[in-house]
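Q: What follows is a structure written as structure tokens; I'll ask about it next.
The values are calculated or read from the model by the stated rules, or taken from the named source; none is laboratory data. For clarity, every value in this text was computed on a predicted model and none was experimentally measured. In this analysis, Cβ positions are derived from the backbone assuming ideal geometry, glycine residues included, and neighbour counts consider all displayed protein chains. Note: accessible area is taken over every heavy atom of the protein model, side chains too, but ligands, DNA and RNA are not part of it. Shrake-Rupley method; radii C 1.70, N 1.55, O 1.52, S 1.80 Å.
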Amino acid sequence: MTSFRSTYDGSLDGSGLRVALACGRFNDLITERLLSGALDALRRLGVDDQSITVAWAPGAFELPLVAQRFATSGDFEAVVCLGAVIRGATAHFDHVAGQCAAGIQRVQLDTGVPVVFGVLTTDTIEQALERAGTKAGNKGFEAAVAAVEMADLLRQLPKTGGQEVER
Ligand code: INI
């Protein structure tokens, strides 16, 4: 059997974790369901209710800014962004969805705090509903599971600025 130098694998044990959720109010029929799914996952994985913080922003476009504030506060091991961007007749969708995704990625790379993309980008409201707790699962639940896994993986991984080991 191959013996690697190190293998890292985040656990799904959320006990002791502090998690923030940034939610978009736009399409809240969907995002309320994503939040329910996320809270369900966090509780099942052992995250204490007292360690969960929720903020509502106007829409998905604002989520990166909220995530940035959470991530830089030092108060959370992971941030989950929940939103629903549904395609309309104009290019607005592309701007909102694209900037939301790019902003969330930027925040996690800039801060080193996992920021999970639990934002639906769909053509129709039916597709969004399917992914918010009906026939295609719940993206909020999945995002919360990813947050717990990433928080533990980051806890294990070598710290930034560590010494390069001689080979
Ligand atoms: N925000 C969403 O979260 N989903 C959408 O589908 C959406 N559409 O289609 O317009 C949306 N727009 C609002 C946007 O996120 C900002 O809140 C707004 O532009 C103010 O900055």
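Q: Show the residues, 5+ positions off or on another chain, whose built amide H is closer than 5 Å to the amide H of VAL85.
A: Residues meeting the criterion, in which the H sits 1.01 Å from N, are LEU120, THR121, THR122.
Q: Quick one: work out the % antiparallel among DSSP beta bridges in the chain, nearest 5.
A: Working: 2 of 21 bridges.
So the antiparallel bridges amount to about 10 percent of the total.
Q: Calculate, for the chain, the solvent-accessible area per residue in square angstrom, rolling a 1.4 angstrom probe over the heavy atoms of the protein chains.
A: Numbers: 9700 Å² over 167 residues.
The answer is 58 Å² per residue.
Q: Roughly how many Å is it from the Cα centre of the range 106-143 to that of the range 21-39, as a whole number?
A: Distance between centres, Cα-based: 9 Å.
Q: Another one. Please give me the summed charge of the neighbours of GLY16: other residues whose Cβ is under 12 Å from its Cβ, Lys and Arg +1, Asp and Glu -1. Walk me through the numbers before you get to the answer.
A: Details: positive: ARG18, ARG155; negative: ASP13, ASP48, GLU77, ASP152.
Net charge in that neighbourhood comes out at -2.
Q: Shape call for the range 79-128 from the C-alpha gyration tensor, a ≥ b ≥ c root eigenvalues: rounded (a/c under 1.5), prolate (a/b greater than b/c) or oblate? Working shown, then result.
A: On the way: a/c = 4.96, a/b = 1.90, b/c = 2.61.
The shape class here is oblate.
Q: A follow-up question, please. Can you work out the base-10 log of I(q)/I(0) for the range 117-165 at q = 0.21, 0.31, 0.32 1/Å, using the Debye formula on its C-alpha atoms alone?
A: For the requested q values the scattering log ratios are -0.74, -1.08, -1.11.
Q: Could I ask something else about it? Can you list the HN-Hα couplings for the range 67-84, worked out from phi with the Karplus curve (6.51, -1.76, 1.60; θ = phi - 60°), rounded to whole Hz and with x for Gly and Pro?
A: 4, 4, 5, 4, 5, 8, 6, x, 9, 9, 8, 7, 10, 10, 9, 10, x, 9
Q: Okay, moving on. Calculate the radius of gyration of the Cα atoms of the chain to one decimal place, then report Dmax, the largest Cα-Cα distance, as a whole number, both in Å.
A: Taking only Cα atoms of the chain, I get Rg and Dmax of 16.8, 57 Å.
Q: Let me ask something else. Please report, in debye to the nearest 20, how large the charge dipole of the range 45-104 is about its Cα centre when each Lys and Arg carries +1 at its beta carbon and each Asp and Glu carries -1 there. Spell out each step's value before the answer.
A: On the way: 2 positive and 6 negative charges, 58 e Å.
That gives a dipole near 280 debye.
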